[in-house]
1. So, R0 is 41 Å and r is the distance between the beta-carbons of B:Val148 and A:Ala348; what FRET efficiency does that work out to, to 0.05?
2. In nm, what is the difference between 0.36 nm times the number of residues separating A:Glu222 and A:Glu83 and their Cα-Cα distance?
3. State, to one decimal in nm, how far the label point of A:Met257 lies from the label point of A:Lys239, with both points 7 Å from Cα in the Cβ direction.
4. Taking neighbour Cβ counts within 10 Å as the exposure measure, how do B:Val148, A:Val142 sort from fewest upward?
5. Taking chain A as the reference, fit the longest principal axis to its C-alpha atoms, fit the long axis of helix A:10-20 to the helix C-alpha atoms, and give the angle between the two in degrees, 0 to 90, nearest 10.
6. Using the alpha-carbon atoms, what tilt in degrees (0 to 90, nearest 10) does helix A:243-276 show relative to the longest principal axis of chain A?
7. Inside 10 Å of the C-beta atoms of A:278-287, what's the mean count of C-beta atoms belonging to other chains?
8. Write down the Å³ per residue value for the convex hull defined by the alpha carbon atoms of region A:216-331.
Amino acid sequence: MDSGGSSLTLLRMTTRNLYRRPMRTSLTALGVAVGVVAIVAFTTIVRGLWDAVDASIHINDAELLIFQADIAADFLSTLDEKETRAKLTAITGVENAVGTLWHALPVENHLLFFILGLRLEDMGSGGDNLIRGRYPTSDDEVLLGAVAQRVLDKDVDNTLHIRDEPYRIVGIFQSESVFIDGAIVINLPRLQRLAAKEGSVTVFQVHVDPDKNADAVGEEIERRYPELIAVGEASEYHKVDQGLVAVDGMVWAVSFMAIVIGSIIVANTMWMSVLERTREIGVLRAVGWSRRRIVSMIILEAAGVGFIAVLLGCPAGVGLAKLSASMPVAEQFLEPVFDTGPFLLALAIAIVLSVFGALLPAWRAARISPAEALRYE
Amino acid sequence: MSDNAGSNAVVSARGLVRYYEQGRVHAIDDLDFEIATGEFIAIRGPSGCGKTTLLNLLAAIDRPDRGTLNVAGYSLIDMSGAEINEFRRTVVGLVFQLHNLLPDLTALENVQVPMLGTNRSPRQRHRRARELLDRIGLTQRAHALPTVLSGGERQRVAIARALANEPRVLLADEPTGALDSKTGERLLDLLDELQRDAKTTLIVVTHDPHIAQRAGRVIHMLDGRFVFESDAADDLRM
């Protein structure tokens, strides 16, 4: 007795239709997969960037970062260290303010490397992130972030050269921010001298009194000192740097283009498929299939192509994101985040746009007259 | 045209007209006829005389331009889209000259195709298809694709597909046209048997005098009209 395992369903028919032309199905899916690769790779990278920005804002448990107002990029912020500290500590709710200078200098054989200047007494002030060694006690001692340590292939007690000057590595730290972990931390006055920025810092990390609202403190700082900008969350970072927003926009533009191209490929394939199957569709109409069922069959096929594209594209997207993050320079600040979001997004977009590509062919299939189709050779 | 059907008519047409090319070609030209439940009708005539057009009208895959056409209580002139689908699915079964099986589906699956969209469960559809394949002697070929079936086997599967939803009228367009005479004879035996058992009305369009020989009535068409009607014995003498 047959178990019913060969019961025909619309889904089974769809699978057969996709399987009928394996090469064409694969190539079409590959076309859509390019878009999936773009979405997965770019989205995981951008998500990593945003997470890193968020972690950088809250480094050492700080609630706010204070930058110079009206700047084009965060790196260009220049604040007078003493004057700004005085302004900030005068605000009710500010517990303390730690000035940091951001700079990039040639290190070993790297043309530019991210250097963070912090006063020796401020190092480790917000919590102990040290994973090896100790904090520096003099100008010629440095800390390495875990990423910088890996990139430079140095460790505690090794010497490294910043602008050909030797520094002793005394500790390795790890934070939650890949940006900070990609840096070398050096005594602030030493970096100010190296960067010819005596008395200046880039940013202040502000710790807010636990009884006060950090947002309200930030607003008060901006109100009293219009020359300052307070950033409390990654979503506010555009106030000091448009770069990430621009990257976000570019990523979406590239992904969108890739997906549109994929959608056109699906449209072309499904159109050809409908033309080839005119007679078959006519038979289906003649035996009582409704237009809706014919449309469903074509749409399901397109969704199947989208699904295959996701299966092909997701691993490739992960590979591309990892490859990008391992490139020189990029490895210092890129750490893709592989949570479910980008994959679900890729799945949704691939299927929706594959289906979108199939709408016109499906409409054509639904319009096929059975009498004409049965005459079709 | 004589009326052999009386009140028992499953098909009735009055003033039926179907034309093409903006009225220049009258494929069906003012036909009046009735067909009784359970009749076996053969429609003969030269190519282009309107046989297939008539069959398409009866199957509701083409629409008349004028007149009335009723099949099993459905008026084929003014049916909605949903009614047409239901009619095609449940009232008529179609057998084409070329089997028109779906090439990627097995024999068993092809027979299930018209049952998709009915209220039969997948298991019921499967069981029904199995029964039909048993009935036409293709149990062992249930999982074969059409490409590996012989011409006669394909046409038998096509008949099983046409019978899937237990239609009241079975329409066949040159069902033996692509078969050798021996296979064609066997297929006709099967059609005959199935039609008698199910008391289905069978309307066959054919050039083949052997089919006409088995029919209760033979209608001869020319230029879209019925020119005369004979019984099977008359037809053989012609």
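1. Values: r = 41 Å, r/R0 = 1.00.
Using R0 = 41 Å, I get an efficiency of 0.50.
2. Working: separation 139, 0.36 × 139 = 50.04 nm, distance 1.54 nm.
Length difference between fully extended and current span is 48.5 nm.
3. For A:Met257 paired with A:Lys239, the spin-label model returns 3.4 nm.
4. Details: B:Val148 11, A:Val142 25.
Ascending number of Cβ neighbours within 10 Å: B:Val148, A:Val142.
5. Tilt of helix A:10-20: around 90 degrees.
6. The two axes meet at around 10 degrees.
7. Values: counts 0, 3, 5, 0, 2, 12, 6, 4, 11, 18.
Mean shielding by partner chains, rounded to a whole number: 6.
8. Values: hull volume 20.8 nm³, N = 116.
With only Cα atoms used, region A:216-331 gives 179 Å³ per residue.
Quick note: the coordinates plus some simple rules give every number you see, no bench work behind them. These figures come from a predicted structure and were not determined experimentally. Neighbour counts are summed over all protein chains in view; Cβ atoms, including those assigned to glycine, are modelled from backbone coordinates with ideal geometry.
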